[in-house]
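Here's the structure we're looking at; comments come further down.
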Ligand code: GLY
Ligand code: MN
Ligand code: MN
């Protein structure tokens, strides 16, 4: 992940946010899609922890949720990275979120409702004992606005159709510990899906 190269302990979350935006602008983005979430350490338990003056420390996790506008359309990507080797709990939680995300992506196809897709990923969390820590919907359609319908959540009855672009972004957020979210952008096509975002998802470790 290109952006991981510039992240180091001592930088503030705001500095990281600026670097993220700068890198997208250099690639042609005309704006940011939303206020970036840059949430390190305990702050990563906040699903919407926008960047603050907090400095990054060694051995913290760091959740980055960012995107740019390009030719009028929004992108939206989340990765949780680790400043040092993740401990066993961080590995456990990360792997559950990754498994839930994979299950959610595999469930997407034309004709499925947002509710059905959400349930597939949520079941992975619940089985692992972390259902109560996944406090938001699985995803949302993405287009000219960053949040469009259909949503992937416990109430959405709209079905997915070919041509829709949808995020899949499960997370586990534990107050007093931290959090992990992984988000990708998926194109629903005639037969199934294509994952559009290419950033790696196996443990991204910044030493
Ligand atoms: N931070 C916007 C989103 O991922 O939905
Ligand atoms: Mn996002
Ligand atoms: Mn999103």
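Normalised by 2.2 N^0.38 Å, where N counts its residues, the alpha-carbon radius of gyration of the stretch 109-200 equals 1.09. Give me the base-10 log of I(q)/I(0) for the stretch 1-110 at each q in 0.11, 0.13 Å⁻¹, Debye formula, one uniform scatterer per Cα, rounded to two decimals. Per q value, in the given order, log10 I(q)/I(0) is -0.38, -0.53. Peptides 52-61, 132-141, 193-202, 119-128 ranked from most to least packed give 132-141, 119-128, 52-61, 193-202, packing being the mean of other C-beta atoms within 10 angstrom over each peptide's residues. Here the extension length gained between residue 147 and residue 190 equals 13.2 nm, from 0.36 nm per residue of separation less the Cα-Cα distance. An ellipsoid equivalent to the chain, defined through the eigenvalues of its Cα gyration tensor, has semi-axes of 26, 21, 13 Å when rounded to whole angstrom and sorted largest first.
Using a simple spin-label model with pseudo-atoms 7 Å out from Cα toward Cβ, residue 158 and residue 112 lie 1.7 nm apart.
Once the convex hull of the alpha carbons of the stretch 51-130 is built, what does its volume come to per residue, in cubic angstrom?
143
No lab work stands behind these numbers, since they all come straight from the coordinates. Everything numeric here is computed off the predicted structure, so don't read it as measured data. Here Cβ is always computed from backbone atoms with ideal geometry, including for glycine, and neighbour counts include all displayed protein chains.
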